[in-house]
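> My structure is below; once you've seen it, I'll send some questions.
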Amino acid sequence: NFFSFNKLLIYKDLDPASGPEGSRPADHPLMEQLFGSGGFAHDGSDLGEDPHIDEEGHTSDLHPVVDADSSQTHAVVDAINGRNLVFQGPPGTGKSQTITNLIGEALAKDMKVLFVAEKMAALEVVKRRLDTIHLGDACLELHSHKTNKRAVLEELKRTLALGRPAVNGAAEDRVLLEESRRRLNEYSRAVNTPVAKSGLTPHELVGRLARLEAEGLAVEGGGLPVRGSVSWTAEEFVRRRELARELQELVGRIGIPRDHVWWACGRLHFVPTDVHPVEELAGEACEALDRHRRDVDRLVGLLRSDATSAELKPEGVERLVATVRRLLEAPDLAGADHGNAAWESGAERILELAKTARRYAGVRSKNDRVLLPEAWEEDVLEARRDLRACGDKWWRFLSRRYRDAGRKLESLCREEAPKTDRERIRLLDAILDAGRLRREIDASSQLVADLFPCLVLGDRANAHERFAEAATWLVSLRRDIAAGLFGGADIHGLLEDMPDRQGMAAAADATERSRKALAGTLGALSGKMELRPDCLGPGNALEDRTCGDLDAWLRDARRQIRSAHDVVRFNQLEKKAAEAGIAEVAEAAASRPEAAAQLLALFEHACYSAWLDAAFRERPVLAEFDGSTHGGIIERFRELDMAQFHHNRAAVAETHWKQLPRQHGGGQLGVLKWEFQKKTRHKPVRRLMKEAGRAIQSIKPVFMMSPLSIAKYIPPDSVEFDLVIFDEASQVRPVEALGAIIRGKQAVVVGDSKQLPPTSFFDRMGADGDDEGSQTADLESNLGLFCAQGAPERMLRWHYRSRHESLITVSNHEFYDNRLVVFPSPDAGKADAGLDFRHHPEANYQRKGINAAEAKTLAEAVMEHARAKPGLTLGVAAFSVVQARRIEDEVDILRRRDPSCEEFFGGHPEEPFFVKNLENVQGDERDVILISIGYGKIDGAHLPMQFGPLNRDGGERRLNVLITRARRRCIVYCNFVGTDLDLRRSRARGVEALKTFLLYERTGVFDTRLAGGRDADSPFEEAVAGRLR
């Protein structure tokens, strides 16, 4: 009862009896894929999801006639390679732009194209684009049943008479373009290819270094040396970075490790049961130190020193003990002037003199028992000479001189002189040596008198011996004093007034014993805690500290024994760092004050810098980079790229011109020429297609039609198309698309599964529930049919329409899984663009989709726009048909009252002002869209959860269409807010999406990153996003 007789032609077009004999629609290859069990399983793409365009050989032969992004280009490549394909085109992603490029590529390859669109508006958009780039001459519009046969013939005649397009400079520009592209791609690869095994590109490395600097890291010569990091893999870097993070966290909690009292602890394990033994050892060390200090203080008192045990180091105590030992060793100084400066200035002379005196004393002591005292004054040189001369002769007893010498020696001896000549000569030599030594001593008599004012040497051996011993000891003492071996002890005072020797000896012995005991306890403590001398530094070991410092350390160590675990934990991390090859990081953590806050940043900076340096060394294009030159290349590439579009358009137009039929005579061209000459009674378009279809295709290789006009104007088997393109395929029923499909070799379906399906009004009225259903009846659109059979899909991902990201954010999140690439707007405050919410709680809803107050408000907003911003196109969309009509009526009333705005309403012929309902707004876009929800609260209180089409299945798709129509601004009028919607009262997906939209619209808060699952690609993006927010 509700069959549309306009669709009868489509039914008859699919009747096998109406086609050529032996040709059945079901046997068509595309029909077999659409309705067979195999589907499109073997019709996939060679390209990946996100391949690099310029690195794919598939794009080298393309002839883009308008600009195209990567997703559009990949879609065109797949289609032009002969694949049956689905273009999923979300709102504002350039579907018509992609179709334009696809048609241009098809024309360049001399392909015959059938472009199918249910709505005339969709066809006009593509045709307008082709006309703009001067390729519209290749297109034949046969969309409506009102197609004029004379107009068709006139268009064919005009096209056949076209002149050859001019093509100039294309080859040279292409060479320059390829060179610019090569240089830009080379730099792009260098910047975006990971360095070594790091997994990080130079672009990312620069961004991370910039982020570290922005976070306050200032290196300036104080960087962290991390050797070998260039060879690390990304996993190795992450593990080492985590180790640096642990070190930083530990240092932040315990402070600088080197300042910790147990810093020297070398243990790798420290359990609670270790605490008590260490406390006992520390206590024993404290007691030993106390005893030692008492002994030292006693010794200091005896030596009358100004030093105290607290300030004395072990070597100082040793000097005190040495002082005592030295004093106890002091000889009889015989009244020596031990403060005389000559002891230092004449030390060598004094020692030589002491040596002489000691020899003299030795000679005298040895021979005084034999010789008389007077003998030492005698001159016995002649007697020695005579004894020496005759002593070895046999006749010596006959020599008088020999006998006289013997008698003289006899007179000098106390008793009988020696019998042998050798002994006699030795005795005479002693007398001579003593005389010589005595003379040497006498020569320094003044020095002796100065040093020993009370000493008279005379010729006494013991006096000389005392002098020699005292002089030698005092010279040595003065040298030791000069060398600081006795510290600050007043040696001279002690020599003048010597303390009790026995007391000093006892004090020195006690001090040495207590020192050894202290060393033993400290050794036990050091062994227990495995103290490392290298951690204490030269002169700072426990055994090298002053008693006071050691006492303070022992008490702190005993009190903080439980915190030794912090140092042990550091030792564990230090060991891991050494094993990982980053010992220098642990060293920095141990000593650098900034490690608690910046160790991780310093580590990252070192690694990032090393990788970046390696990239600059390995990639000359980076080292040679110059900003101004690179900017010039980009600008030149942009100019050449735009020029290439013009060259491609001219080349495609030339290809079309070359394919125009020019032969004379009969045939199909003859049929056309005959019709050109006729003034009346022209053949109908359908008959013309049957008799001259191929000639028409040569003149117009692109047919632009609707499913109905195909069945009306193209008889079966009259023409065949290489490529069939469906636009807005979600609005084309499967059965209505079959007529176009069977006339083509390849099909490309363009649409959006998330937008409106064909209207189902008559389906719902005619359905009686008795049909068994069919494969086409079960699917709502041609797009759904292709998707259901597994046709390869390409999604157009770059969104261009919205001048503010808020206009597409909800749709991107709710319907496209945040896969759309959206350009952020600098207008964070939405002053000139973006989503806006106008809450009018006083505008009461009257049911049946009518809100009169809201309609008046929108009408006033329309007039205000016409007065204030006439240069921006405007559209109004309402949820219900009745609300749309009410708004239109209110606008008409205001226009009649104020005709001054009529210029605006007639000033945009290509995008005129409209008022539509949610069901028929698809395909429209305007600079500004005003949305009237209409539905809402009744009397400001009760809110029915009924929102017309949104409550039905697919309502969310209708909302998706509605909220994505605006380019610059979308203003929503409503008498309730998102929080008023109670989803417990409605399970409709459309209502849920509406609540999400209104909440975001009102608050502007929507964390799309959670749904997208991706972080920013680089720190640079984070910085830009932060500034825009």
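> Within the range 937-950, how many residues are crowded, with 24+ Cβ neighbours inside 10 Å and assigned to a loop (DSSP other than H, G, I, E, B)?
Within the range 937-950, residues that are crowded, with 24+ Cβ neighbours inside 10 Å and assigned to a loop (DSSP other than H, G, I, E, B) number 1.
> Still on this structure, please answer the following. Are any residues in the range 784-800 modelled with pLDDT under 90 and under 20 Å from LEU959 (Cβ atoms), and if so, which ones?
Across the range 784-800, the qualifying residue is only GLY784.
> Still on this model: How many residues are touching a residue at least 24 places away in the same chain (Cβ under 8 Å) and either not assigned by TED's automatic domain parsing to the domain that holds TRP376 or not in a helix (DSSP H, G or I) (or both) if we restrict to the range 432-459?
Of the residues in that region, 7 qualify.
> Pick from GLU842, GLU860, GLU814: which is closer than 22 Å to LEU950 by Cα and of a type in the set (D, E, K, R)?
GLU814
> Can HIS58 be described as modelled with pLDDT of 80 or more, not assigned by TED's automatic domain parsing to the domain that holds VAL821 and not hydrophobic (A, V, I, L, M, F, W, C)?
no
> Return the total of residues in the range 672-690 being assigned to a helix (DSSP H, G or I), of a type outside the set (Lys, Arg) and surrounded by 16 or more Cβ atoms within 10 Å (Cβ to Cβ).
Looking only at that region, the number is 5.
> List, please: which pairs have Cβ atoms under 7 Å, are six or more places apart or on different chains, and start with a residue in the range 68-81 that is farther than 10 Å from THR98 by Cβ and end with one that is small (Gly, Ala, Ser)?
ASP78/SER45
> Going by the structure shown, is SER305 under 60 Å from the mean Cα position of the chain (by Cα), polar (S, T, N, Q) and buried (at least 17 other Cβ atoms within 10 Å of the Cβ)?
So SER305 does not fit the description; no.
> Continuing with this model, one more query. Check PHE786, PHE837 and return the single one that is not aliphatic (A, V, I, L, M), not assigned by TED's automatic domain parsing to the domain that holds GLU903 and not in a loop (DSSP other than H, G, I, E, B).
PHE786
> Grab the helices (runs of 4 or more DSSP H) fully contained in the range 549-649, keeping just those with 3 or more residues being crowded, with 17+ Cβ neighbours inside 10 Å and in contact (Cβ under 8 Å) with a residue 60 or more places away in the chain.
The qualifying helices (runs of 4 or more DSSP H) are 564-579, 583-591, 595-618.
> Check VAL195 against each of (1) surrounded by fewer than 17 Cβ atoms within 10 Å (Cβ to Cβ); (2) at pLDDT 85 or above; (3) in a loop (DSSP other than H, G, I, E, B) and name the one condition it does not meet.
If we test VAL195 against (1) surrounded by fewer than 17 Cβ atoms within 10 Å (Cβ to Cβ); (2) at pLDDT 85 or above; (3) in a loop (DSSP other than H, G, I, E, B), just (1) comes out false.
> Follow-up. Restricting attention to the range 315-332, which residues are crowded, with 20+ Cβ neighbours inside 10 Å and over 11 Å from PHE486 (Cβ atoms)?
Matches in the range 315-332: VAL317 only.
> Within the range 807-848, can you find the residues that are farther than 30 Å from ARG794 by Cα and of a type in the set (Ser, Thr, Tyr)?
Hit for the range 807-848 is TYR845, nothing else.
> Yes or no: GLY693 free of Cβ contacts under 8 Å to residues at least 24 places away in the same chain and either within 21 Å of LEU114 (Cα to Cα) or not assigned by TED's automatic domain parsing to the domain that holds THR98 (or both)?
So GLY693 does not fit the description; no.
> Can I ask one more? Among the residues of the range 844-855, is any surrounded by fewer than 23 Cβ atoms within 10 Å (Cβ to Cβ), in contact with a helix residue (DSSP H, G or I) (Cβ under 7 Å, 6 or more places away or on another chain), of a type in the set (A, V, I, L, M) and outside the structural domain of GLN88 (by TED's automatic domain parsing)?
Scanning the range 844-855 turns up at least one residue that is surrounded by fewer than 23 Cβ atoms within 10 Å (Cβ to Cβ), in contact with a helix residue (DSSP H, G or I) (Cβ under 7 Å, 6 or more places away or on another chain), of a type in the set (A, V, I, L, M) and outside the structural domain of GLN88 (by TED's automatic domain parsing).
> Just checking, how many residues over the range 247-280 are in a helix (DSSP H, G or I) and surrounded by fewer than 19 Cβ atoms within 10 Å (Cβ to Cβ)?
Final tally of qualifying residues: 14.
> Sort through ILE481, ILE491 and tell me the only one that's without any contact (Cβ under 8 Å) to a residue 40 or more places away in the chain, assigned by TED's automatic domain parsing to the domain that holds LEU371 and either surrounded by 15 or more Cβ atoms within 10 Å (Cβ to Cβ) or under 60 Å from the mean Cα position of the chain (by Cα) (or both).
Just one listed residue meets the conditions, ILE481.
> Scan (1) farther than 21 Å from ASP173 by Cβ; (2) in contact with a helix residue (DSSP H, G or I) (Cβ under 7 Å, 6 or more places away or on another chain) for the single condition ASP641 breaks and write down its number.
(1)
> Now a separate question. How many residues does the range 873-922 hold that are in a loop (DSSP other than H, G, I, E, B) and over 19 Å from LEU950 (Cα atoms)?
10
> Go through the residues of the range 522-536 one by one and say whether even a single one is touching a residue at least 60 places away in the same chain (Cβ under 8 Å), basic (Lys, Arg), touching an Asp or Glu at 6+ places or on another chain (Cβ under 9 Å) and assigned to a helix (DSSP H, G or I).
Among the residues of the range 522-536, at least one is touching a residue at least 60 places away in the same chain (Cβ under 8 Å), basic (Lys, Arg), touching an Asp or Glu at 6+ places or on another chain (Cβ under 9 Å) and assigned to a helix (DSSP H, G or I), which makes the answer yes.
> Tell me, which residue of the range 970-1008 that is surrounded by fewer than 12 Cβ atoms within 10 Å (Cβ to Cβ) and under 30 Å from GLY207 (Cα atoms) is modelled with the highest pLDDT?
VAL1005
> Related question: Residue under question is GLU860, and the condition is that it be of a type in the set (Asp, Glu), part of a helix (DSSP H, G or I) and surrounded by fewer than 22 Cβ atoms within 10 Å (Cβ to Cβ); does it hold?
When the stated conditions are applied, GLU860 passes them.
Matching residues to (1) in contact with a strand residue (DSSP E or B) (Cβ under 7 Å, 6 or more places away or on another chain); (2) of a type in the set (A, V, I, L, M); (3) at pLDDT 85 or above:
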| residue | (1), (2), (3) |
| --- | --- |
| LYS355 | no, no, yes |
| GLY362 | no, no, yes |
| LEU371 | yes, yes, no |
| ALA383 | no, yes, no |
| TRP394 | no, no, no |
| LEU409 | no, yes, no |
| CYS413 | yes, no, yes |
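The values are calculated or read from the model by the stated rules, or taken from the named source; none is laboratory data. Treat the numbers as computed from the prediction; the structure is a model and nothing was measured. Using ideal geometry, Cβ is built from the backbone for each residue, glycine included, and neighbour counts are taken over all protein chains shown.
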